[in-house]
Structure formats: structure tokens, C-alpha cells
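K.L.:
Input: one structure, supplied below.
The values are calculated or read from the model by the stated rules, or taken from the named source; none is laboratory data. The model shown is predicted, which means the values in this text are computed figures rather than measured ones. Glycine also receives a Cβ, built like all others from the backbone with ideal geometry; neighbour counts cover every protein chain displayed.
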Amino acid sequence: MSRAREIIVAKNLGFNYAGAKKPAIQGVNLSISEDEFILLTGPSGCGKTSLCRCLNGLIPNFYQGEWTGELMVDGLDVTTQPTSELSRRVGYVFQNPENQLFALTVEKDIAFGPENLGFSRDEIRERVDVAMKITGTSALKELAPYELSGGQQQRVALAGVLAMKPSVIVLDEPTSFLDPHTAEEVMRAADDLRRELGLTIVVVEHRLDLVARYAERIVVMDGGKIVADGNLGQVLDEQFDMLEGLGVGVPRVSLLWSMLRRDGLVSGKVPTHVEDAASALSGMMSD
Amino acid sequence: MITLEHVSFRYSSGYLALHEIDLSIQGGDFVAIMGENGAGKTTLAKHLNGLLKPSQGRVLVDGEDTRKVSVAHLARKVGLVFQNPDHLLFSETVKDEVAFGLKNFGFSPEVVEKQVGRTLEALGLAEYADKSPFLLSGGERKRVALASILASEPDYLILDEPTIGQDYQQKERLRNFILQLYSQGKAVVMITHDVEFVAESNPKVILLSKGQIVGKGSADSVLSRDEMVNRASLVKPQMSRLFGELTKYGLPRDVVDVHRARILLEDKLGEVKAPVAQNP
Ligand SMILES: Nc1ncnc2c1ncn2[C@@H]1O[C@H](COP(=O)(O)OP(=O)(O)OP(=O)(O)O)[C@@H](O)[C@H]1O
Ligand SMILES: Nc1ncnc2c1ncn2[C@@H]1O[C@H](COP(=O)(O)OP(=O)(O)O)[C@@H](O)[C@H]1O
Ligand SMILES: [Mg+2]
Ligand SMILES: [Mg+2]
């Protein structure tokens, strides 16, 4: 099996917003391959959004501050590329969807990106239709962004990003505005894109249970630094106390297990999924 | 008490967002409103402080019809924290932002200072007091928006998606703050998609779907019922999914909170373990 190509490589990356007392990110070393699904988490204010802003060049192009280290995205050096080049490769769904929508109708908003890239009318039509279908926004296409609920805005923002067919999609806390069922669907859609088109997915999320089914790898930040990086199940099992101490929203079944393990009532690996916990507990109780 | 009597609401586009809602909220209540994207939750929240007036029916706040009094008058009693924090923030520093409402309500400088300090402390914002709200992270901004409403201690607190951007520790803080408020006799209404937060906070749950109330009850009864959860586009909390698999061992089905789950399993596994230990 050939190893997938590295699409994001950060070496000793750091950024200090102008006037800020301490850097928002520092000493970040990270290497992400094509078609990985990564969960990025850590306490509020730890630097997740700032790291994502680097990935599509918002930092250092739109934010003043001091940059250190290197960052290559899809073979491009972020510090020397125009943001237009980066933004077609890295689709970014902002933490706050409203800041992302500006056209008069939903349909026009989704078409905006592909139009700017100069595609044919048919190609634009096709991209917009597919994006609306995946995100369940077809019924909203005539509406103005301000007529949408928070979650509907979030979906439209995602559709706009999908229509660009980027190689990396960054979703910054997408589920906070989405109802749980839709959140699940959006995660599944992202995972389908990853498997079918080889996209790289980076999801920032506090609640691990919402993403655990799709993300194989977890990257944990604290105080601007990466403090854990590895297989999600393994990091949960081996560094459970550290994660809990940081205030990471570990899955409730994992928390339950670790409490029972501390009581000496169960042993073995901390489960990540409900089914694993259910079968382990059933096994013990039917003995 | 806030009472909604047969409230329907139609946006000027013609869209019927609320349909015949009957609801009452009083001091000491802690209510979670849940439901799918577009269900009408935010529209409902804006009716509670008079930002929107019903197209049909009426909303009474302590007996006053929201159509007959100003939003400014209602703001002293009903505090609404918007879903999007940026709708509320405009001051140069976090401290000023949180002080703004209090000053507006005419509190003395000493009271303002005390309340600002207390609220920033409670929400873990003290270190940001002199920073600009716009230079904060999303979760921090959301907490500033919360603080600016909480500081004036309105009788009715309406929180639209308060856990957005919050890590688990911040959620714990928020939960404690809410608990303190309703045990002091305030009413807290939160709109949220965060089923695990609801499962651990145990409010009364109201399910809204397509502009109508489709279910009501305690968090454990509502969140452990498939038909209710599906109808409102929710997903069951993990504990409820786990205990759904364990009923054949005599464990209850309606468990949503991890701490209750722990106690039940400690008893159960303790029973199972004891004879095994005696029987090498
Ligand atoms: N200004 C407006 N004009 C016309 N329609 C609107 C307006 N605001 C909201 N709507 C519509 O009313 C319905 C209810 O919206 P509301 O914002 O109350 O939903 P919500 O339950 O808060 O959803 P979410 O969970 O996504 O925030 C939606 O279908 C939305 O499209
Ligand atoms: N535009 C900005 N200017 C200055 N400081 C900022 C800016 N945006 C974020 N910060 C600060 O940088 C730190 C990291 O923020 P952020 O990356 O948004 O965190 P997260 O997404 O993990 O919550 C925080 O301390 C925040 O206050
Ligand atoms: Mg963020
Ligand atoms: Mg809403």
C-alpha cells in the first residue's frame, strides 16, 4: 500500500496576534495526509481557530501579527501564496456561519465561489445542485440568508464550500449550530467526500462523541501547543485523565467506563462507542 | 410569570414559524427547548422579551401584554442572549460590554463594578476584562455575551444555544451558574441542541418541531423515547443508548445522565462480582 500524500505540513509553526501578550499558537508540528479525517480539540481559547486560519492563509494575510515556522498546504507555502489560491484548495466553514453569507439568495451564495473561479454555467449549476443536495438546502434556495435559522445558515455555508471542490475542508465547531441529527448527517457527508474524492477533513469539535465514528485521528491543543496527537481510541484510553483535566468533552461512555474502572468494577480499554461499552457490560452481566 | 396564549407567528415573507403555542414559565423554572434546525426556537425566544410580537394570540410578561409595552421596559425583566454572540457585542473592552446594560438600567457605579467583577469571575472571563471582545475566540465571545445579560440578573433568562463554543469545563461552570440562578427563584430557559448538556442538567424539556410543541417532560423521559427524539431531529444521549441495550439485565431504560448510570452499574456489577469472588 502506498502512503497517501502529505497535504498539510507544519514545522514549528507559531503565530502571535499583534498586541497579544502570548502567542495564539506556538511550536506546532503537524503532518496530515490526504484523505485523513482529523478531530481537532482542546479548551476554549487554546488556538484551534487560529491554527485553522493558518491553513487557508487568513493568517498571515488578513491578521496582523508575528509568524514563525513553516506551513505548506497542498504543496504551497502559505506565507507566499495569495489567499485566492489557498481558498480554492482549503474550504473553511467558519465557527459563526452568518459571517460567511452575503449574497441575496441561498442559491447565489452557493454559486458565488464557482462563479469566481470562472466555470461554465453548466458546471456551476451542477456543483451548486450537488452541494445543495448533500447539505439538504435545496428547499431554501430562494431564501435570503437573513431569513434562515442558525443551523440553516451553517448548512448553506458548508454547501458554498463544497461547491468549490476543495482538497481540504475545515469545519470549525460546525455542530454547535446544527441539530444533532443534521450534525450526524453533515459528519457522514464529510466522511463520504473523504472516501470518494480523497478530501482531507479537519473538524474542530468539543464533543468527541459527535465525531468519534469518523475521525480516526485526534489532535489536542492546549495553550497554543499540540499536547496529544494520535489514534482517537488509543489517545482516549491512554491519556484519559489528561483529556478530562483539560476539559475535553470525552464521550460519556468513556467517562462512565473510567469511573467504573477507578472503582475496580471493570477493567480493560476505555470504549469510544456505545456499542463497545454495551457489549462489554453485557458480557460481564450475563456471566 | 411569562405566559404564551395560542401564539402564532408569521414572518413578513409569509412563513408561519410558530403555530398555536401555549406555554408558561415562572420563577424557579429551568426549561430546555429543543428541536430541529428551523423548528422555531429562536423565533419563540424573541417572543419572550417582546422583540417579536405574535401575529395571533398573546404573550404576557408578569401580566403585561408584550404588544403594549416597550422592549426596553421588558429588558429589565427578561434577558435574552442571542444565538450569535456578535449580535450583542459592541463595546471596546469586555468590562465595558458587561457594564453597559447595568449602567443603562441606572445602577450605581459601585453596584456596576461589583456585578461586573462577580459575573466575569463566574464565567471564567476575569483575565479578559480589558481586552476587546472582537479579539476573543468564538467561545470566549459567547461567554461575554452571556455575562453582559447575566450581570443585571433579570428575572427571566433566555439563553439561545449557551453551550456554543464551550469546552466541558466551561459547560460545568455554566451549569452551576444556571443552577444557582433558578434556585434563587429566577427562571432560566435555554434553547439548545446539546443533548448531553441537557442530560446532565436535568431541566424540563419542551420539544418544538415545525413551529409546534410536540413533546414535554423531564429530560430522562423525553430523551430516552425514540419517537420523541426522532420527531425533533435529536439523537439520544449516549447513556440512554447504552441503557437501551441493558434492560434485559433488569436495568431501567430511562437513564440519560452519566452519574445516575454509574450508581446503577456500581450496584449491578457489585452484585455480579460478589459471587464470582467467592467462587474461585
Ligand atoms: N427574518 C425571517 N424572515 C423569514 N423567515 C424567517 C426569518 N427568520 C427565521 N425564519 C424562518 O422561520 C423558521 C424558524 O426559524 P428559527 O430561527 O426560529 O429556527 P430555530 O428553531 O431557532 O433553528 P436553529 O436551530 O437552526 O437555530 C425557519 O424555517 C426560518 O427559515
Ligand atoms: N483576531 C485576534 N486578535 C487577537 N487575539 C486573538 C484573535 N483571535 C483570537 N485571539 C486569541 O487567541 C487565542 C486563541 O484563539 P482561538 O484560536 O480563536 O481559540 P479556539 O478556537 O481554540 O477557541 C485566544 O486567547 C484568543 O483570545
Ligand atoms: Mg474557535
Ligand atoms: Mg435558532
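K.L.:
Testing B:Ser209 on (1) at pLDDT 95 or above; (2) more than 16 Å from ligand 1 (Cβ to nearest atom), one condition comes back false. Which one is that?
P.N.:
(2)
K.L.:
Take B:Lys210 and tell me if it is within 17 Å of B:Lys41 (Cβ to Cβ) and either more than 8 Å from every other protein chain (Cβ to nearest Cβ) or surrounded by fewer than 24 Cβ atoms within 10 Å (Cβ to Cβ) (or both).
P.N.:
Answer is yes for this residue.
K.L.:
Check the range B:126-134 and report whether any residue there is within 25 Å of A:Phe62 (Cα to Cα), among the hydrophobic types (A, V, I, L, M, F, W, C), within 16 Å of ligand 3 (Cβ to nearest atom) and buried (at least 16 other Cβ atoms within 10 Å of the Cβ).
P.N.:
no
K.L.:
Give the residue, chosen from A:Lys141, A:Lys133, A:Lys165, A:Lys108, that is more than 16 Å from ligand 3 (Cβ to nearest atom) and touching an Asp or Glu at 6+ places or on another chain (Cβ under 6 Å).
P.N.:
Residue meeting the stated conditions: A:Lys141.
K.L.:
Got at least one residue in the range A:252-265 being surrounded by 23 or more Cβ atoms within 10 Å (Cβ to Cβ) and among the charged types (D, E, K, R)?
P.N.:
yes
Rundown of residues vs (1) more than 8 Å from every other protein chain (Cβ to nearest Cβ); (2) surrounded by fewer than 22 Cβ atoms within 10 Å (Cβ to Cβ), yes/no style:
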{"site": "A:His181", "(1), (2)": "no, yes"}
{"site": "A:Gly198", "(1), (2)": "yes, yes"}
{"site": "A:Val211", "(1), (2)": "yes, no"}
{"site": "A:Leu236", "(1), (2)": "yes, no"}
{"site": "A:Asp241", "(1), (2)": "yes, yes"}
{"site": "A:Ala280", "(1), (2)": "yes, yes"}
{"site": "A:Gly283", "(1), (2)": "yes, yes"}
{"site": "A:Ser286", "(1), (2)": "no, yes"}
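K.L.:
Taking A:Lys48, is it of a type outside the set (A, V, I, L, M, F, W, C) and surrounded by fewer than 23 Cβ atoms within 10 Å (Cβ to Cβ)?
P.N.:
No; evaluated as a whole, the condition is false for this residue.
K.L.:
Does A:Val90 count as more than 17 Å from the chain's Cα centre (by Cα) and surrounded by 24 or more Cβ atoms within 10 Å (Cβ to Cβ)?
P.N.:
no
A quick yes/no check of all residues on (1) within 16 Å of ligand 2 (Cβ to nearest atom); (2) within 17 Å of A:Ile169 (Cα to Cα); (3) in contact (Cβ under 8 Å) with a residue 60 or more places away in the chain:
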{"site": "A:Lys21", "(1), (2), (3)": "yes, no, no"}
{"site": "A:Ser33", "(1), (2), (3)": "no, yes, yes"}
{"site": "A:Thr49", "(1), (2), (3)": "yes, yes, yes"}
{"site": "A:Gly65", "(1), (2), (3)": "yes, no, no"}
{"site": "A:Thr80", "(1), (2), (3)": "no, no, no"}
{"site": "A:Thr105", "(1), (2), (3)": "no, no, no"}
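K.L.:
Could we say that B:Asp155 is over 14 Å from the mean Cα position of the chain (by Cα) and within 16 Å of ligand 4 (Cβ to nearest atom) here?
P.N.:
Taking the combined requirement at face value, the residue does not satisfy it.
K.L.:
Then there's this: Counting just the residues of the range B:43-82 that are at pLDDT 95 or above and within 11 Å of ligand 4 (Cβ to nearest atom), which one comes out nearest to the other protein chains (Cβ to nearest Cβ)?
P.N.:
That would be B:Thr43.
K.L.:
Within the range A:51-62, how many residues turn out to be polar (S, T, N, Q) and either within 13 Å of chain B (Cβ to nearest Cβ) or without any contact (Cβ under 8 Å) to a residue 40 or more places away in the chain (or both)?
P.N.:
So the count comes out to 1.
K.L.:
Name the pairs whose Cβ atoms lie under 8 Å apart, with the first residue in the range B:42-54 and touching a residue at least 40 places away in the same chain (Cβ under 8 Å) and assigned to a loop (DSSP other than H, G, I, E, B), the second among the β-branched types (Val, Ile, Thr) and within 13 Å of ligand 4 (Cβ to nearest atom), and 6 or more positions between them or separate chains?
P.N.:
If the second residue must be among the β-branched types (Val, Ile, Thr) and within 13 Å of ligand 4 (Cβ to nearest atom), the pairs left are B:Asn49/B:Ile158; B:Leu52/B:Thr43.
K.L.:
Given the criteria within 13 Å of chain B (Cβ to nearest Cβ) and under 27 Å from A:Gly249 (Cα atoms), does A:Gly65 qualify?
P.N.:
No, not satisfied.
K.L.:
Shifting gears a bit: Check B:Gly14, B:Gly27 and return the single one that is more than 16 Å from ligand 4 (Cβ to nearest atom), assigned by TED's automatic domain parsing to the domain that holds B:Gly211, touching a residue at least 40 places away in the same chain (Cβ under 8 Å) and assigned to a loop (DSSP other than H, G, I, E, B).
P.N.:
B:Gly27
K.L.:
Restricting attention to the range A:47-73, and to residues there that are in a loop (DSSP other than H, G, I, E, B) and in contact with a Leu (Cβ under 8 Å, 6 or more places away or on another chain), which single residue is nearest to ligand 1 (Cβ to nearest atom)?
P.N.:
A:Asn56
K.L.:
Considering each residue of the range A:146-170, count those that are within 16 Å of ligand 1 (Cβ to nearest atom) and away from chain B (no Cβ under 12 Å), and give that number.
P.N.:
Number of matching residues: 3.
K.L.:
While we're here: Which residues, taken from the range A:132-188, are part of a loop (DSSP other than H, G, I, E, B), among the small types (Gly, Ala, Ser) and over 14 Å from the mean Cα position of the chain (by Cα)?
P.N.:
Passing the criteria: A:Gly136, A:Ala144, A:Ser149, A:Ala163.
K.L.:
Among the listed residues B:Leu159, B:Leu181, which satisfies the condition of being closer than 28 Å to B:Ala72 by Cβ, more than 14 Å from chain A (Cβ to nearest Cβ) and in contact with a strand residue (DSSP E or B) (Cβ under 6 Å, 6 or more places away or on another chain)?
P.N.:
B:Leu181 is the lone residue from the list that is closer than 28 Å to B:Ala72 by Cβ, more than 14 Å from chain A (Cβ to nearest Cβ) and in contact with a strand residue (DSSP E or B) (Cβ under 6 Å, 6 or more places away or on another chain).
K.L.:
Here's a check for you: in the range B:213-249, which residue that is free of Cβ contacts under 8 Å to residues at least 12 places away in the same chain and more than 9 Å from chain A (Cβ to nearest Cβ) is farthest from A:Ser279 (Cα to Cα)?
P.N.:
Once the filter is applied, the top-ranked residue is B:Glu227.
K.L.:
Hey, another quick one. Taking B:Ser70, is it among the polar types (S, T, N, Q), over 20 Å from the mean Cα position of the chain (by Cα) and farther than 21 Å from B:Asp22 by Cβ?
P.N.:
yes
For (1) within 16 Å of ligand 4 (Cβ to nearest atom); (2) under 20 Å from the mean Cα position of the chain (by Cα), each residue gets a yes or a no:
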position: B:Phe134; (1), (2): no, no
position: B:Ala145; (1), (2): yes, yes
position: B:Gln166; (1), (2): no, yes
position: B:Glu172; (1), (2): no, yes
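K.L.:
While we're looking at this one, here's another question. Restricted to the range A:64-101, and to residues that are more than 16 Å from ligand 3 (Cβ to nearest atom) and of a type in the set (S, T, N, Q), which residue is modelled with the highest pLDDT?
P.N.:
Among those that are more than 16 Å from ligand 3 (Cβ to nearest atom) and of a type in the set (S, T, N, Q), it is A:Thr68.
K.L.:
While we're here: With respect to B:Lys68, is the statement that it is among the charged types (D, E, K, R) and within 20 Å of B:Pro162 (Cβ to Cβ) true?
P.N.:
No.
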